[in-house]
1. Give me K34, K75 ranked fewest to most by other Cβ atoms within 10 Å of their Cβ, as a rough exposure proxy.
2. So which chymotrypsin sites (Phe, Trp or Tyr not before Pro) in the chain pass both tests, a DSSP loop state and at most 11 other Cβ atoms within 10 Å of the Cβ?
3. If I take every Cα pair under 8 Å that is 6 or more residues apart in segment 19-77, average their sequence separation and divide by the length, what percent do I get for the relative contact order?
4. Kindly put H72, H49 in sequence by how many other C-beta atoms sit within 10 Å of each C-beta, fewest to most.
5. So what's the convex hull volume per residue for the Cα atoms of the chain, in Å³?
6. Any idea which of Q16, S54, V42 is furthest toward the positive side of the dipole for the chain, if Lys and Arg beta-carbons carry +1 and Asp and Glu beta-carbons -1?
7. Give, as a single signed number, the net charge of other residues whose beta carbon lies under 11 Å from the beta carbon of V42, with Lys and Arg counted +1 and Asp and Glu -1.
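What follows is calculated from the coordinates using simple rules that are stated; it is not laboratory data. Predicted model only: the values in this text are computed from it and were never measured. All Cβ positions, glycine included, derive from the backbone under ideal geometry; neighbour counts span all protein chains shown.
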Amino acid sequence: MIQPLPAWMADGLCAQTDPALFYPDSGSQARPAKAVCTGCPVRRDCLEHALTNSEQYGVWGGTSERERRRLHAQKGATR
Ligand code: SF4
């Protein structure tokens, strides 16, 4: 079953940007997308969504795939 998109996604600045920017080939190429996220009003919601749903690919909430893996590891270490 397809889940409806969360309401906050409509307010994301990436909706007004080239989606390809948010799926870079390498971490260093993620900088332009992360710069967009810096001014995004739903950044916290976006990061929470990515961490909760274990989004593996792309830039979410201003974080790269590697940064989210690190956050997951830190979260697991504090339990
Ligand atoms: S934080 Fe970044 S990826 Fe998330 S909705 Fe905003 S612009 Fe898009």
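1. On the way: K34 18, K75 10.
The fewest-first ordering by Cβ neighbours comes to K75, K34.
2. Details: sites: W8, F22, Y57, W60; in loops: Y57.
Here the chymotrypsin sites (Phe, Trp or Tyr not before Pro) that fit, given the DSSP loop and packing criteria, are Y57.
3. Values: 54 pairs, mean separation 20.6, N = 59.
Relative contact order comes out at 35 percent.
4. Working: H72 12, H49 16.
Ascending number of Cβ neighbours within 10 Å: H72, H49.
5. Working: hull volume 8.6 nm³, N = 79.
Dividing the Cα hull volume of the chain by its residues yields 109 Å³.
6. In the chain, that residue is S54.
7. Numbers: positive: R43, R44; negative: D11, D45, E48.
Once positives and negatives cancel, what remains is -1.
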